[in-house]
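Structure first, commentary second.
The values are calculated or read from the model by the stated rules, or taken from the named source; none is laboratory data. As the structure is a computational prediction, the values presented were derived from the model and not from experiment. Counting neighbours? That spans all protein chains shown, and the Cβs are built from the backbone with ideal geometry, glycine included. The protein model used for the area step is the full one, side chains on, heavy atoms only, and it has no ligands, DNA or RNA in it. Shrake-Rupley method; radii C 1.70, N 1.55, O 1.52, S 1.80 Å.
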Amino acid sequence: MTEVLTENAPRPPRKGSPRPSDVLDRIAATASPHEMRDPFDIGETFTSLAESGEALTIYPGTLGEPMLARIEFVHPEEPHFTLDIAGGLPLPAGRATFVAALGGNAKLQFELEGDWIPTPGASNLVPAVFPEMCLVLNRRAAPRLETPVNGSYAATFTLMNKQFELPLCDYSVGGVGLRATPDQAAELYLGRKLKSVRLQLGPALAIVADLEIRLLRPFRSFLLGEQVQVGCSISNIEMQMQQTLQRLVTSNRGRSAA
């Protein structure tokens, strides 16, 4: 879930310093997150968090109260990054749990252990290394249905006078998942609005809706190579089309459960 921008594309402003309201709970022990272990994916995710200024909640092993930070810098070649600790307090040595929001639909959690020695002359900046593994919990309000690999499922839209047609990976009553190449994803960023998107949901059904990009995550496909997952929420849709989508989702869920 990485934001990929061209040099001329508008970049959303970086968030300000973390506030107490930004504190996130740990992923519940009863949840079912998936593991992210590829250093490339971790680096891209951390870079996205650094660019957006998203707050990190830190649970030090020796303290009961959580701390807040941001990722200030991610090394472009090495598995290293720098934390910007908020509040002026040092991060106690030992193991700590880090939690961050990814867009609006996922939560990231990882653990690291270190002495947390600040950078000379900057007590708030603390170097760190990538974790071996991150947990990612998707928090979707509505279950999504996977699309057939060879089916007629795609999203077509115009952006900055350029026509896009992206394969549809999954869909629900509240959003869709798309697949893009890195070149196509260069025109996209978190929070970008896509107007009047034509969603082809099979050979005989198409609806039109406005989408908002909520998640960007690079991944490698054995057949297609480097790809970017584009998670979108439906921000505006006519009532008749919404009802059509609801009937389609309900019907397909029933067939899947049978």
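In segment 108-134, the residues that are without any contact (Cβ under 8 Å) to a residue 40 or more places away in the chain and among the aliphatic types (A, V, I, L, M) form Cβ pairs under 6 Å with partners that are in a loop (DSSP other than H, G, I, E, B) and crowded, with 18+ Cβ neighbours inside 10 Å, at six or more places apart or across chains, as follows: 112/131.
Looking at the structure I just gave you, is residue 167 closer than 19 Å to residue 44 by Cβ and open to solvent by less than 70 Å² (accessible area, probe 1.4 Å)?
Numbers: closer than 19 Å to residue 44 by Cβ: no; open to solvent by less than 70 Å² (accessible area, probe 1.4 Å): yes.
Here the answer is no, as residue 167 does not meet what is asked.
Residue count for segment 215-252 satisfying the condition of being within 17 Å of residue 205 (Cα to Cα) and at pLDDT below 85: 4. Of the listed requirements (1) free of Cβ contacts under 8 Å to residues at least 60 places away in the same chain; (2) outside any loop (DSSP other than H, G, I, E, B), residue 219 misses just one: (1). Looking at 214, 198, just one residue is out of contact with any helix residue (DSSP H, G or I) (no Cβ under 8 Å at 6 or more places or on another chain), open to solvent by 60 Å² or more (accessible area, probe 1.4 Å), farther than 21 Å from residue 148 by Cα and in a strand (DSSP E or B), and that residue is 214. Scanning segment 172-190 for residues that are under 23 Å from residue 238 (Cβ atoms) and either without any contact (Cβ under 8 Å) to a residue 40 or more places away in the chain or open to solvent by 10 Å² or more (accessible area, probe 1.4 Å) (or both) returns 173, 174.
Only residues that are part of a strand (DSSP E or B), open to solvent by 30 Å² or more (accessible area, probe 1.4 Å) and farther than 17 Å from residue 68 by Cα were counted across segment 106-136, and they come to 3.
In segment 145-158, which residues are within 19 Å of residue 233 (Cα to Cα) and either hydroxyl-bearing (Ser, Thr, Tyr) or open to solvent by 20 Å² or more (accessible area, probe 1.4 Å) (or both)?
Taking segment 145-158 and keeping what is within 19 Å of residue 233 (Cα to Cα), we get 145-147, 153-158.
The answer is 145, 146, 147, 153, 156, 158.
When the strands (runs of 3 or more DSSP E) confined to segment 9-105 are screened for residues that are surrounded by 15 or more Cβ atoms within 10 Å (Cβ to Cβ) and not acidic (Asp, Glu), those reaching at least 2 such residues are found at 56-60, 67-74, 80-85, 94-102. Would you check which residues across segment 232-249 are under 13 Å from residue 196 (Cβ atoms) and in a strand (DSSP E or B) and list them? Scanning segment 232-249 gives 234, 235, 236, 237.
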